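**Student:** Pasting a structure below so you can have a look.
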Amino acid sequence: MATAPAKVAVLASGRGSNLAALLAARTRGELPVEFVLVGSDKAGAGALRLAEAANVPTLALDPRSYPDRRAFDLDLFARIAASGADWLVLAGFMRILDGEALKPWVGRIINIHPSLLPKYRGLHTHRRALEAGDAEHGASVHFVTAELDGGPVIAQARLAIEAGDDEERLAQRLLPLEHRLLPAVLGLLVGGRLQWSDQAPCFDGQPLTAPLRLGADGLVP
């Protein structure tokens with residue numbers, strides 16, 4: 001008997017390039033999931049248009065319509081739960097989440113962040129890596145907790161910083177790696193090889209002591 005695909009919701013605030021990568025991976029048959037909702041805090045977000053084109057239900061909520069951040073987050077997460085989602089992916093969702101709203105989802109929610117965490121939590125990560133004179137930069141996918149960009153890191157993609165890199169060029173060179181990294185992690189999660197156990201990630205039944213790395217053939221320990 002065939003197993004029903006995992007149901008996934010995605011939150012995004014911007015153009016949705018990582019959402020596009022997830023949708024493309026599903027179309028290629030590499031990601032056995034059903035996208036049940038794409039939500040945003042910005043009605044004009046490009047991610048919503050991508051979802052509409054892919055016949056994925058969308059949701060746009062205006063944070064200014066709520067008395068505070070907690071009220072917004074509780075309503076948002078209630079709507080995500082109502083969609084039937086098993087997993088939630090933050091793909092460029094530019095908001096800090098309330099811990100109470102987040103609590104039922106811990107272990108089922110991941111985020112992609114453009115730095116080699118724990119370096120450069122928050123914004124302007126490419127600029128900060130360049131200003132620090134780092135030899136390499138990258139992206140991380142981590143389980144989401146109430147701490148900003150602070151949940152356990154699952155996997156990373158690494159990129160050598162080149163002499164000609166400025167903030168924009170570095171960001172553009174990193175994007176293709178992000179677009180491989182996020183679908184690869186989600187695929188391992190829905191396939192059961194990655195799990196949340198005792199407040200930490202496990203891979204193939206063993207505690208993950210260091211982030212998986214993105215190689216030419218996918219994620220490797």
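The values are calculated or read from the model by the stated rules, or taken from the named source; none is laboratory data. It should be emphasised that the depicted structure is a prediction, and the values quoted were computed from it without experimental measurement. Backbone-built Cβ (ideal geometry, glycine too); neighbour counts: all protein chains shown. Just the protein is used for accessible areas: all its heavy atoms, side chains included, with ligands, DNA and RNA removed. Shrake-Rupley method; radii C 1.70, N 1.55, O 1.52, S 1.80 Å.
**Student:** Roughly how many Å is it from the Cα centre of segment 34-70 to that of segment 143-211, as a whole number?
**Tutor:** Each part reduced to its Cα centre gives a spacing of 23 Å.
**Student:** Can I ask one more? Run the accessible area of the chain with a 1.4 Å probe and give the carbon-and-sulfur part as a rounded percent.
**Tutor:** On the way: 5540 of 10620 Å².
Percent of accessible area from carbon and sulfur atoms in the chain: 52.
**Student:** Any idea what log10 I(q)/I(0) is at q = 0.21, 0.24 Å⁻¹ for segment 75-127, Debye with uniform C-alpha scatterers and no solvent?
**Tutor:** With one equal scatterer per Cα and no solvent, log10 I(q)/I(0) is -0.86, -1.03.
**Student:** Further, regarding this structure: Per residue, how large is the accessible surface of the chain? Use a 1.4 angstrom probe and give square angstrom.
**Tutor:** Details: 10620 Å² over 221 residues.
Averaged over the residues of the chain, the accessible area is 48 Å².
**Student:** Mind checking the full-extension length gain between LEU148 and ALA160? Use 0.36 nm per residue of separation minus the Cα-Cα distance, one decimal, nm.
**Tutor:** Result: 1.8 nm gained on full extension.
**Student:** Restricting to DSSP loop positions (anything but H, G, I, E, B) with no more than 11 other Cβ atoms inside 10 Å of their own Cβ, which trypsin sites (Lys or Arg not before Pro) remain in segment 14-57?
**Tutor:** Numbers: sites: ARG15, ARG26, ARG28, LYS42, ARG49; in loops: ARG15, ARG28, LYS42.
Loop-located and lightly packed - ARG28.
**Student:** State the label only: which of (i) 17.7; (ii) 18.7; (iii) 20.3 corresponds to Kirkwood radius over Cα pairs in Å computed from the shown model?
**Tutor:** Entry (i).
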